[in-house]
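The values are calculated or read from the model by the stated rules, or taken from the named source; none is laboratory data. This one's a predicted model, so the numbers in the text were calculated from it and none came from an experiment.
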Amino acid sequence: MEYYTAMSWGGLESSDAYKALSSTKKAAIQKIINNERYTKSDAKSTKCP
């Protein structure tokens with residue numbers, strides 16, 4: 001669930017709520033978002049055909 005909660009921050013990086021997160025939390029969120037966005041090996045989804 002934590003993985004998908006992190007994904008939900010995608011597009012909200014300019015919000016005050018996101019800015020209030022710790023730098024450690026933001027780095028973890030960005031890693032997950034980038035994994036999915038660029039279909040990296042750590043992504044939980046599969047690339048659309």
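How many residues does segment 28-42 hold that are in a helix (DSSP H, G or I) and small (Gly, Ala, Ser)? Steps first, please.
Going through segment 28-42, the residues in a helix (DSSP H, G or I) turn out to be 28-37.
Filter once more, keeping what is small (Gly, Ala, Ser): 28.
Counting residues in segment 28-42 that are in a helix (DSSP H, G or I) and small (Gly, Ala, Ser) gives 1.
Being among the small types (Gly, Ala, Ser) and at pLDDT below 90: is that true of Ser41 here? Steps first, please.
Values: among the small types (Gly, Ala, Ser): yes; at pLDDT below 90: yes.
Considered against the rule, which asks whether it is among the small types (Gly, Ala, Ser) and at pLDDT below 90, Ser41 comes out as yes.
In segment 6-27, which residue that is part of a helix (DSSP H, G or I) and at pLDDT below 95 is farthest from Lys44 (Cα to Cα)? Explain how you work it out, then say what you get.
Initial filter on segment 6-27 (part of a helix (DSSP H, G or I)): 6-7, 16-19, 23-27.
From what's left, at pLDDT below 95: 6-7.
Working: Ala6: 13, Met7: 11 Å.
Here the answer is Ala6.
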